[in-house]
1. Put +1 on the Cβ of every Lys and Arg and -1 on every Asp and Glu Cβ in the chain; which of GLY160, ILE54, ALA279 then has its Cα farthest towards the positive end of the dipole?
2. Can you pull the one-decimal nm distance between simple spin-label points at ASN190 and LYS212, each 7 Å off the Cα toward Cβ?
3. Would you kindly state how much longer the chain becomes between THR88 and SER265 on full extension, computed as 0.36 nm times their sequence separation minus their alpha carbon distance, in nm to one decimal?
4. Quickly estimate the mean residue ellipticity at 222 nm for the chain, helices only: each DSSP H run with n ≥ 4 gives -39500 (n - 2.57), and the total goes over all residues, rounded to 500.
5. Once the cut-off is 32 Å, how many percent of the Cα-Cα pairs in the chain end up in the long-distance tail?
6. What are the lysines whose alpha-carbon lies under 27 Å from the alpha-carbon of LYS172, with same-chain residues fewer than 8 places away excluded?
7. What residue among ASN223, ASN238, ASN299 has the largest mean-square fluctuation in a Gaussian network model of the chain, using Cα springs under 10 Å?
8. Within the range 285-300, name every residue whose backbone N is under 19 Å away from a label modeled 7 Å from Cα of ILE252 along the Cβ vector.
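What follows is calculated from the coordinates using simple rules that are stated; it is not laboratory data. Everything numeric in this text was worked out from a predicted model, so none of it was measured. Please note: Cβ atoms are built from the backbone with ideal geometry, for glycine as well, and neighbour counts cover all protein chains shown.
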Amino acid sequence: MRKNRTIASTILRTVEWSTFAVVIIIVSLVYYLTQPVRCSRVLYLPAGSSGSIITYLHRAGIDVNGLDRVLMRFLGYPQHGWIDIGSTRLTKADFLYKITHAKAALVPVTLIPGETRALFFDKLARQLGLDRRRLEEAYKKYAPYPDGVIWPETYYVPKGISAEHLAYYLVKRSLARHEALARKFFGLYNEKKWFRYVTIASIIQKEAADEKEMPIIASVIYNRLKKGMPLQMDGALNYGRYSHVKVTKRRIREDATRFNTYRYSGLPPWPVGSVSLDALKAAVKPAQTPYLYFVKGKNGRHIFTSRYSSHLKAIRSGKK
């Protein structure tokens, strides 16, 4: 009988301690889930497992850990892409719920081939209600060149995204595209050498009447560079805010930058705008021609010549 009472007493104490332990765990968990989390209102979550997303968020400076990965399993699978969590300060519970359920309202923004970053950022600032100066500052932190880095396409970005996150997203996604293309064309990626091709492509983009002319324009550029001749191309002067400004004789006289290919030999210091895949292909593999000159004809296409006397004749015929 005494033995039975001892066993019963032991079981009772064990149950009491187990219950106490459960209460402690529940209280600790509730306390943990009410702790604040600070982050941007709009977040980008890569596709992947819960663990990889928690690691990504932790590296981005958000206070999450392995326990959060376990807790997310009870809430659902994390979203991927841009999400709007609605606030910059939430409880841990709200944060975990948001990243498994929230979706952002996406706004399409398009960069067309040939457009400059300066004008694209003007449009972004207006369309998304961003501070233009902060967008510029953020871009400079991540981009290797002032222009030609952002790949021309339609991007879907969430309302409420910060200038910092948008610049980071555009640059990182575009650089990945540049690297992939370089590896496809050459088998390796050398940023400096690659963006020399992008610079050539950006002039082709500005000068060519259509895709068919691009390899021929490219041949003129390479032929002139080989001979040490200045490029003397108006497209190089359509940089920055001069993207759609007609190049005049006065502008050619007064522009003292390296983009003035009438004054300086060689290429501009960096691309003069965004480039299409066709322009890049032309820069990488130009047509083989003897041409050194071209001028726009009556039909809007260019007349290509290899001698200056023929070029002058083409100019006169184009004016008639």
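1. In the chain, that residue is ALA279.
2. Label-label distance for ASN190 and LYS212, simple model: 3.6 nm.
3. Details: separation 177, 0.36 × 177 = 63.72 nm, distance 5.16 nm.
Between THR88 and SER265, full extension yields an extra 58.6 nm.
4. -16500 deg cm²/dmol
5. Numbers: 24460 of 51040 pairs.
Summing the P(r) of the chain above 32 Å gives 48 percent of all pairs.
6. LYS98, LYS103, LYS123, LYS140, LYS141, LYS159, LYS184, LYS192, LYS193, LYS206, LYS281, LYS285
7. Greatest mean-square fluctuation among the candidates belongs to ASN299.
8. Within reach of a label on ILE252, which here means backbone N under 19 Å from a point 7 Å along Cα→Cβ, the range 285-300 contributes 292-298.
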